[in-house]
Amino acid sequence: MAHQYIRSFWATLFEFVIVGTSVIGLFAVLGLVLIMMERKVSAWMQLRLGPNRVGPAGMFQTAADTLKLIVKEGMTPDGADKLLFNLAPFIVMIIAMVVMAPLMFAKNFQIWDVNIGVLFFAAISSVSVIGVLMAGWASNNKYSLLGAMRSGAQIVSYELSPVLPFLLLLFLPGV
């Protein structure tokens, strides 16, 4: 009897690891591709070449920038609360990944099937402000705190326009 639960536990854990790795990989690839596309479009709009040094037609420029950022030394300010300061980016990234959970990638293909997907999306995406404010406050610098408060207010105000059309769908009959 106990062996049945142990197998179930390992199967569930293995499933979580596969899904988590897939979501992280999706974020990494999307980040690389979308940043490269944004750079190319902005260069075209500004009548300049854009990234064209690394790889064929600058395809690996974003990967080179990512590698440069990974190798850079992380710095924590002297008077900062080290735990909260280093925890804040993880909170923001975890929230961004959790928001993707109820999104459908194809028919019957989603990470988490929840009945209140739209409300879940609206509620969880608003929690990312906590990570931004936490980073500003934990730095123990008044200018960082002011910048974090401005950024938090901007995130909250820009969150309303994409969420309102989704909430409208909830009130339409038959949806």
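With only Lys, Arg, Asp and Glu charged, each at its Cβ (+1 for the first two, -1 for the last two), find how big the charge dipole of the chain is about the Cα centre; round to the nearest 20 debye. That gives a dipole near 440 debye.
So which helices of the chain fit the span-like rule, where a helix is a whole DSSP H run, its Cα atoms reach 20 Å or more along the axis, and its mean Kyte-Doolittle is at least 1.0? Helices meeting the criterion: 2-45, 82-99. Which of the chymotrypsin sites (Phe, Trp or Tyr not before Pro) found in the range 98-170 are in a DSSP loop and have at most 13 neighbouring Cβ atoms, other than their own, within 10 Å? Loop-located and lightly packed - W112.
Computed from the C-beta positions of E15 and L87 and an R0 of 25 Å, the FRET efficiency is 0.40 to the nearest 0.05.
L34 contributes an accessible area of around 100 Å² to the protein surface, as traced by a 1.4 Å probe with all chains present.
Computed FRET efficiency, Cβ-Cβ of R7 and L30, R0 30 Å: what is it to the nearest 0.05?
FRET efficiency, R7 to L30: 0.30.
Full extension of the chain segment joining V23 with V41 gains 3.8 nm, where the gain is 0.36 nm per residue of separation less the Cα-Cα distance. The trypsin sites (Lys or Arg not before Pro) of the range 16-83 meeting both criteria, a DSSP state outside H, G, I, E and B (loop) and at most 15 other C-beta atoms within 10 angstrom of the site's C-beta, are R48, R53, K72. Note on the range 6-59: with neighbouring protein chains present and a 1.4 Å probe, carbon and sulfur make up 76 percent of its accessible heavy-atom surface.
The values are calculated or read from the model by the stated rules, or taken from the named source; none is laboratory data. Computed from a prediction, not measured in an experiment: that's the story for all the values here. Cβ atoms come from the backbone with ideal geometry, glycine included; neighbour counts cover every protein chain shown. In case anyone asks, the SASA skips ligands and DNA or RNA and just uses the protein heavy atoms, side chains included. Shrake-Rupley method; radii C 1.70, N 1.55, O 1.52, S 1.80 Å.
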